[in-house]
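**Q** The following block contains the structure, expressed as structure tokens.
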Amino acid sequence: ERKLVYSAEIIVCDVPGGGYWGFLAETQSKNVDAVIAALKDLLLDPEVVSEERLDAVRKGLRGSFDIRPLDPAKRREHAVQRLINNATVYSDEEYLDYVDSIKIEDVRRIIQKINPEEAHTVIFNPAGTSRQ
């Protein structure tokens, strides 16, 4: 709602014994600090960390599987991405069963572990230089 980014995505990689969570956003250089502040605010927003939001995410994932193209190359790409992210290839059913097993308490526990002050922030700018 602050209209700071052109695009944004969450990157999650759960692997046995660990993993990572990432947020990738494309924005103007002048908005970088505001995007970081908005992400911190978002992590504390009770509306985002709610049973209703978790249900909406589940429905969205299920719907995305229902409407994706049946293109074999896209299926292969999807399977490779799951292999990279999870160190195994889950069927859609197995993945959705896993998502359905996540409880709101699990989400809250994970978010409480995220400490934005200790997170790594890497900022790439169009000139090819970066700051961390």
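**Q** Residues of the stretch 80-105 being among the hydrophobic types (A, V, I, L, M, F, W, C), closer than 21 Å to Tyr20 by Cβ and part of a helix (DSSP H, G or I), which ones?
**A** Result: Val80, Leu83, Ile84, Val99.
**Q** Let me confirm something: among Ala87, Ala38, which residue is of a type outside the set (S, T, N, Q) and open to solvent by less than 50 Å² (accessible area, probe 1.4 Å)?
**A** Ala38
**Q** In this structure, does Ala25 turn out to be without any contact (Cβ under 8 Å) to a residue 24 or more places away in the chain, over 23 Å from Ile114 (Cα atoms), of a type in the set (A, V, I, L, M, F, W, C) and surrounded by 13 or more Cβ atoms within 10 Å (Cβ to Cβ)?
**A** Spelling it out, it is not the case that Ala25 is without any contact (Cβ under 8 Å) to a residue 24 or more places away in the chain, over 23 Å from Ile114 (Cα atoms), of a type in the set (A, V, I, L, M, F, W, C) and surrounded by 13 or more Cβ atoms within 10 Å (Cβ to Cβ).
**Q** Additional query: Filter the stretch 41-55 for residues that are surrounded by 13 or more Cβ atoms within 10 Å (Cβ to Cβ) and within 17 Å of Val5 (Cβ to Cβ) and give the result. Talk me through it step by step, then tell me what you get.
**A** Residues of the stretch 41-55 surrounded by 13 or more Cβ atoms within 10 Å (Cβ to Cβ): 42-43, 48-50, 53-54.
Result: Leu42, Leu43, Val48.
**Q** Among the numbered criteria (1) loosely packed, with under 10 Cβ neighbours inside 10 Å; (2) among the hydrophobic types (A, V, I, L, M, F, W, C); (3) at pLDDT 85 or above, which one does Ile10 miss?
**A** Of everything listed in (1) loosely packed, with under 10 Cβ neighbours inside 10 Å; (2) among the hydrophobic types (A, V, I, L, M, F, W, C); (3) at pLDDT 85 or above, Ile10 misses just condition (3).
**Q** Tally up the residues in the stretch 57-77 that are closer than 20 Å to Tyr20 by Cβ and modelled with pLDDT under 85, please.
**A** Residues in the stretch 57-77 being closer than 20 Å to Tyr20 by Cβ and modelled with pLDDT under 85: 1 in total.
The values are calculated or read from the model by the stated rules, or taken from the named source; none is laboratory data. Remember, it's a predicted structure, so these values are computed and weren't measured experimentally. Neighbour counts are summed over all protein chains in view; Cβ atoms, including those assigned to glycine, are modelled from backbone coordinates with ideal geometry. Ligands, DNA and RNA are excluded from the accessible area calculation, which covers all protein heavy atoms including side chains. Shrake-Rupley method; radii C 1.70, N 1.55, O 1.52, S 1.80 Å.
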